[in-house]
Every structure is written in structure tokens, then in C-alpha cells.
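To keep things clear, I will list the structure first and then write my remarks on it.
The values are calculated or read from the model by the stated rules, or taken from the named source; none is laboratory data. The model shown is predicted, which means the values in this text are computed figures rather than measured ones. Here the Cβ positions follow ideal geometry from the backbone for every residue, glycine too, while neighbour counts run over all protein chains shown. Calculation scope for accessible area: heavy atoms of the full protein, side chains included, ligands and nucleic acids excluded. Shrake-Rupley method; radii C 1.70, N 1.55, O 1.52, S 1.80 Å.
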Amino acid sequence: NAHVITFGGSYGGMLAAWMRAKYPSLVDGAIAASAPVWMFPGQPETSSLGPAGPYIVLTLAYASADPSCPGRVAKSWDLIDEMGGTAEGRAKLKDLFNLCHPLTADTAYLLPQWLNGMYFDMAMVNYPYPTSFLAPLPAWPVAKFCAAANTTTDIVAGIAAAAQVYSNHTGTVPCLDLDADPAGDLGMTGWDYQSCTEMFLPISSDPKQDMFPSQSYILEDMVKYCEGKWGVKARPFHLKHYFGGMDGFDFSGYSNIFFSNGVLDPWAAGGTDMVIPEHLCLSDCPNVLIRDGAHHLDLRSSNPADPVSVLHARNMESEAIRRWTVQGRKKAREVKTEF
């Protein structure tokens with residue numbers, strides 16, 4: 001007689017939505033927070049942001065903290081690459097970023113690669129209070145980063161100083177190890193394998209739209225990488241066919257799924273302009289766009305610093321759960337009456 005509501009954020013949010021979609025007789029409804037269910041190959045272009053969407057949203061999050069911040073980040077890439085091209089420049093980068101190991105001509109790429117991940121991760125956990133979700137961070141870390149980056153006219157030195165917000169906020173980390181993740185082991189090796197077998201995410205960056213160097217996602221190249229790295233047959237369209245709706249890719253046959261996205265969260269780009277149009281769902285698929293929200297902020301514990309926008313989202317989610325459980329009880333009574 002129990003009623004079941006699935007909850008999840010990020011990948012867990014996708015699983016929550018898909019479980020309701022796949023087993024509607026067992027699950028009464030789903031709360032899917034920051035779940036980019038429309039970000040896979042073979043799906044319709046439901047987001048006008050296109051494949052660069054996550055990096056566009058990320059750039060807007062940094063701009064909302066400081067309008068000049070994205071420009072400084074955008075200019076830093078060529079400067080860092082130029083410094084990485086000489087022994088003298090690499091030595092200076094080691095000192096500026098307090099690196100644990102010297103950079104070589106073969107390893108200089110690791111620094112911009114680490115910075116790319118840092119910008120993405122910091123936007124995801126841009127919460128209004130201190131957290132240690134991915135790394136020990138202050139409240140509103142993106143704003144703290146941008147403020148630190150603006151303390152000098154030397155762009156690279158400013159970025160290096162600001163990177164300490166993410167890599168060493170506590171002041172207890174002796175040096176920056178580019179081979180180590182501040183979040184520790186989150187099973188990224190397993191995620192790389194899963195990305196090949198089912199979770200293909202075609203994400204690109206475009207300096208005309210965001211603050212990152214140009215990077216194109218080429219499906220054929222990813223398929224070759226997967227087959228070479230893991231020796232498996234890549235399945236870029238698996239999710240489209242296994243969890244898709246009535247026509248193979250949308251949610252037009254589904255119901256009772258609540259989608260929430262945060263304006264500050266890069267993954268919100270996988271939510272059809274960050275809001276799910278009604279025609280992509282059969283019935284009762286409410287959605288909310290959290291103005292001051294980063295990655296699944298609505299599913300975190302309550303905090304005095306929570307913005308009004310996330311309190312509103314939680315109220316909407318609570319109402320949806322009440323509505324779905326009432327429906328479930330009504331159906332249960334109807335079944336008992338029939339028998």
C-alpha cells in the first residue's frame with residue numbers, strides 16, 4: 001500500500017525521471033533536480049543554446065558575479081598557452097599556481113585542462129553558504145573567484161591567485177597537484193567507461209558564445225576513443241531508445257515528473273532552455289527554474305542562507321508529491337473496488 005516517489009539530482013535526477021517513465025505502475029512520481037535528460041545524441045534540438053549550452057550557462061554565471069570576469073578568463077587561455085611553450089614561462093606558471101611538480105613541454109596542457117574543470121565544478125557548487133561537496137569552498141565561490149582575479153592587472157597572476165579559492169580555500173594544501181582532484185576519488189574512471197557505453201554527452205565550447213577555447217564534440221572521434229580505450233562497442237543512442245518516449249526520444253507519453261534547474265548550473269542547459277515545455281509531457285510534469293540555484297540546490301538540506309527562489313521550488317515539489325500520492329491512493333481504492 002506504500003506510495004513511491006523517486007528523488008535524484010544530476011545523474012540521480014535522470015535515473016529518478018527514467019524510473020517513473022519506465023515503471024509508472026510502481027512509481028507514483030519523480031523529483032528530478034538538475035537532470036540534463038535532453039543532452040544526448042539523436043535527440044531533438046530542444047535547447048536553443050545548442051551543444052555549447054553548458055559552457056554558455058557557466059559563462060553567464062560568472063558574468064552575474066562580475067561582468068568583467070568572463071573576459072579575463074577568456075584572455076587567460078592564450079597567455080597560459082604561450083607561457084607553457086617556453087621553459088621560462090613554465091617555470092613562472094609553476095610559481096604562480098604553486099604547482100607541486102614542474103611543467104614540461106609534454107605536461108603543460110594539464111594546467112589549462114585543470115582550470116577548465118575548476119571553472120565547471122565551481123559553477124556547479126556555487127551555493128550561498130560554505131560547502132565541501134567537491135572541495136572546501138566559501139559561500140558564493142564564483143563571486144569570490146572573480147573578486148580575487150581582479151586584484152591585479154596581470155591576468156594570469158590574477159587567475160592563479162583566484163584559483164586558490166577552489167584548490168586551497170582552507171590554506172592547508174601545500175601545493176596544487178594537477179593530477180589530483182580536490183574532491184578525491186569520485187569514480188571518474190568508471191564514469192568514463194559509462195560515458196562510452198550509455199552516457200554520451202555531446203558538449204562543445206565556442207569562444208564566440210562563452211569564455212572557453214573552441215572545442216568541438218565529434219561523435220565519430222568519441223566512438224573511436226571508446227573502442228580504443230575500453231574495447232567496447234560504443235552506444236551513443238542507447239538512452240534515446242531505452243528510456244525514450246512514444247516517438248523514441250521525448251517524454252510525450254510520461255507524467256508525474258518534476259524537473260528543476262538552477263540558472264547558475266551549467267547542466268541546466270540540458271533542460272530544454274532550462275524549462276520543460278508542456279507538449280513534451282503527457283500530463284503533470286511541472287518544472288521550475290531556480291534563479292539563484294546551482295547544481296540541485298533544492299535537494300540539499302535547508303540552510304538559513306537559502307534564497308527565496310529555492311524555497312519556492314521546494315514548496316512546488318512538496319505540493320507535487322502530495323498531489324501524486326493522493327492520485328496513488330485513489331487508484332489503489334479503485335483497484336480494491338474492482339476486486
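Condition check: over 30 Å from S309 (Cα atoms) and open to solvent by 40 Å² or more (accessible area, probe 1.4 Å). Does P213 satisfy that? In short, yes. Selection over segment 47-82 of residues that are part of a loop (DSSP other than H, G, I, E, B), among the hydroxyl-bearing types (S, T, Y) and open to solvent by 40 Å² or more (accessible area, probe 1.4 Å) gives a count of 2. Applying the criterion of being in a strand (DSSP E or B) and modelled with pLDDT of 85 or more to the residues of segment 254-286, the residue that is surrounded by the fewest Cβ atoms within 10 Å (Cβ to Cβ) is S255. Taking A148 as the residue in question, decide whether it is touching a residue at least 24 places away in the same chain (Cβ under 8 Å) and more than 23 Å from the chain's Cα centre (by Cα). Taking the combined requirement at face value, the residue does not satisfy it.
In segment 201-210, which residue that is among the polar types (S, T, N, Q) and part of a loop (DSSP other than H, G, I, E, B) is least open to solvent (accessible area, probe 1.4 Å)? Only one residue tops the list, namely S204.
Tell me yes or no: at least one residue of segment 220-232 is touching a Lys or Arg at 6+ places or on another chain (Cβ under 6 Å) and either open to solvent by 50 Å² or more (accessible area, probe 1.4 Å) or at pLDDT 95 or above (or both). No, there is no match, as no residue in segment 220-232 is touching a Lys or Arg at 6+ places or on another chain (Cβ under 6 Å) and either open to solvent by 50 Å² or more (accessible area, probe 1.4 Å) or at pLDDT 95 or above (or both). Assess whether A17 counts as being open to solvent by less than 10 Å² (accessible area, probe 1.4 Å), assigned to a helix (DSSP H, G or I) and at pLDDT 90 or above. Here the answer is yes, as A17 does meet what is asked.
Identify all residues within segment 150-175 that are hydroxyl-bearing (S, T, Y) and either in contact with a Ser or Thr (Cβ under 9 Å, 6 or more places away or on another chain) or open to solvent by less than 10 Å² (accessible area, probe 1.4 Å) (or both); write none if there are none. Before you say what the answer is, go through the steps one by one.
Let us first name the residues in segment 150-175 that are hydroxyl-bearing (S, T, Y), namely 151-153, 166-167, 170, 172.
Residue satisfying the conditions is Y166 alone.
When segment 83-92 is limited to residues that are open to solvent by 50 Å² or more (accessible area, probe 1.4 Å) and of a type in the set (D, E, K, R), the one that is nearest to T152 (Cα to Cα) turns out to be K92.
I'd like the full set of residues that are open to solvent by 30 Å² or more (accessible area, probe 1.4 Å) and at pLDDT below 95, limited to segment 122-149.
To start, the set of residues in segment 122-149 that are open to solvent by 30 Å² or more (accessible area, probe 1.4 Å) comprises 130, 132-133, 136, 140, 143-144, 147.
Residues satisfying the conditions are S132, F133, P136.
Can you find a residue that is farther than 25 Å from S214 by Cβ, in contact (Cβ under 8 Å) with a residue 40 or more places away in the chain and within 18 Å of the chain's Cα centre (by Cα) anywhere in segment 114-125? The answer is yes; a qualifying residue exists. Taken across segment 36-52, residues that are under 24 Å from V125 (Cα atoms) and at pLDDT 95 or above do not occur at all.
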